[in-house]
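Rule-based calculations on the coordinates, nothing more; no lab input. Just so we're clear, the structure is a prediction, and the values are computed from it rather than from any experiment. Every residue, glycine as well, gets a Cβ built from its backbone with ideal geometry; the counts of neighbours run over all protein chains shown.
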Amino acid sequence: MLSQINRDWKDIPWDCALRTATPTVATVLEKALAGDDLGFEEGLALATVEGQDLVALVRVADELRRREVGDRITYVVNRNLNFTNVCIVGCAFCGFSRNADAPDAYFHSIETLVAKSVEAVERGATEVCIQGGLPKDLDGYFYAQLLRAIKSQLPALHVHAYSPMEITYGVDKTRLPLRDYMFMLKDAGLNSIPGTAAEILDDSVRKSLSPNKLKVRQWINVIRTAHNIGIPSTSTMMYGHTEFPEHWVRHILLVREIQKDTAGFTEFVPLGFIHPETRLFRSGAARAGHSIHEDLIVHALARVLLHGYIPNIQVSWVKMGFEMSLECLQAGANDFSGTLMEESISKSAGATFGESVTPGELRAMIRTIGRIPAERSTTYKILKVFEHSDPQEHVPAGRLPLFGGTADHAGLNAIGY
Ligand code: SF4
C-alpha cells in the first residue's frame, strides 16, 4: 500500500519518481507526459503497478493534472434527488432498490420533488441530480413531467438527470424512438445526464452484475445520442467487485473513443463498489469492495489515459470518504464532486461517509492539501474562486479523523463502495 511504501510520496517530484520506476512503466509514463495516446497494453502495464511503479504513476498523474487544469479543486453545490427506491431490474450490486410492497419502499410525488428543488436553490444549489429506481408501472412520460414541473418554478436551475438505464426504460414504455424521446426530455428542461449505469462496459462482466441491465451497445447509443443533440454527460466506472484491471483499461479507452467523436463528456468519475448490503458480495461472487491500492490506481490511470480528452477526474467522497478522496485529489483527480444535501444509493449499500457536506467544509478540506477551492457549474464553468479562506470554512468534525496522521488504510478498506 502506497503510504507504507513511502509515507512522503506526495512530496516526491514526479521526475524523481519516474527515475525509480521499472523501465517498462517509466517508458509508458514518459509517452503520456509527451502527450501521446496510450494503448491497451500500455494501460494494462499501469493498471497493475505496485511499489515504486505505483508512486511513479500517481506522481505523473498529478503532474498531468497540474498541466491540464492547474491547482484548483472544483466542486458543485447540488442536491441529489433519488425519487424512488422501487425497482424491477434486480442488480446484484445494488443495496438501494426495493420491491413495491416493501415497508420502506417510497415514491416521492412531483410536488415533493419540486419543493426539495426549491429548498436546494434557497441553500445555494445550482444543480439537482435526479435518479431513481425503475418501478414496474412507471409512466414513460413521468421523467418529462418532472422536468417541466421543476423548470416551471426554477428555470435557471441545472437539471442533471436520468441514467442511460432510465432513458432506455422511458423509451421502452413510450415506444418513441430514442432520439425523439431525448429531444422531448431536452425540450422539457433536461440540461445534462449522468453517465451512470456504466458499471464496467463489458457485457460478460455486466451479465454477472445484472443480466437485466442495458447492454454496452445500448449505453453507448444513449450517450452518443445525448451528446449529438447537445446534452452533455458525465462518465463513470464502478470498480472493486468482480472485474480485473484489464476491464478498467478497456472501459476507460472506450470512454476516450466516444469522447474523440462527441466531446460530450464533462468528467470521468471512478465509483468504488460499496459491498456490505449487496447480494453480489453476500453471495461470495465479489470481493469486499475497493481497496486503497485500487482507488489510487484507478484515479491516476483515468488521468493518464484520458489526458487531453477529458480534463476533469472526479472523486466520489460518498464512496471513498474524505480522507481517501483527498489522497486521490493528489493522484490525478481535480474535482471534489458536490454537496449532495441528501444521498440514498450509497448509504443503502452500506456506505458510512454521510449524505451531505457544506461548501465551507469542502473548501477547508481542499486547503489542507495546499490547493485552491473553486465552485463550478455542472459543466465546469468556474463560478467563484476562493483564493482566501472565509468564516464558513471548517474541516468537518469527526469525518476526517485521520487527516495529517497515519492513515488506518486497513480500516478504510473495510468500508467499501
Ligand atoms: S442499480 Fe438502479 S437499476 Fe439496478 S437495481 Fe438498483 S435502482 Fe434498480
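For the chain, which semi-axes, largest first and in whole Å, follow from the square roots of 5 times the eigenvalues of its Cα gyration tensor? Write out the running numbers ahead of the final one.
Numbers: eigenvalues 214, 113, 91 Å².
One finds semi-axes of 33, 24, 21 Å for the chain.
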Once the in-chain neighbours fewer than 8 apart are removed, the aspartates and glutamates whose Cα is under 14 Å from residue 207 read 199, 243
Tell me, Kirkwood radius of segment 244-320 from alpha-carbon pair distances, in Å? 13.6
Gyration tensor (alpha-carbon) shape descriptor, segment 139-202, a/c threshold 1.5: oblate
Here P(r) for segment 37-93, Cα-Cα distances in 5 Å bins, as whole percents, is 4, 12, 12, 14, 10, 11, 12, 17, 9, 0
Counting DSSP beta bridges in segment 68-413, what percent are antiparallel, to the nearest 5? 15
Cβ density ranking, 10 Å radius, fewest first, applied to 107, 93 yields 107, 93
By the 4.7 Å beta carbon criterion, which cysteine residues of the chain come out unpaired? 16, 87, 129, 328
Cα pair distances of segment 149-294 binned at 10 Å [whole percent]: 11, 38, 32, 16, 3
Can you give the helix-only mean residue ellipticity at 222 nm for the chain, where every DSSP H stretch with n ≥ 4 adds -39500 (n - 2.57) and the sum goes over all residues, rounded to the nearest 500 deg cm²/dmol? -13000 deg cm²/dmol
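Over segment 253-379, what portion of Cα pair distances is larger than 18 Å, expressed as a whole percent?
Everything past 18 Å amounts to 57 percent.
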Can you pick out the pairs among 173/319; 31/260; 116/151; 173/347; 173/213; 31/215 whose Cα atoms lie more than 23 Å from each other? 173/319; 173/347; 31/215
To the nearest 10 degrees, the tilt of helix 359-368 (Cα long axis) against the first principal axis of the alpha carbons of the chain is 10
For helix 164-174, report the angle its Cα long axis makes with the longest principal axis of the Cα atoms of the chain; keep it between 0 and 90° and round to the nearest 10°. 20
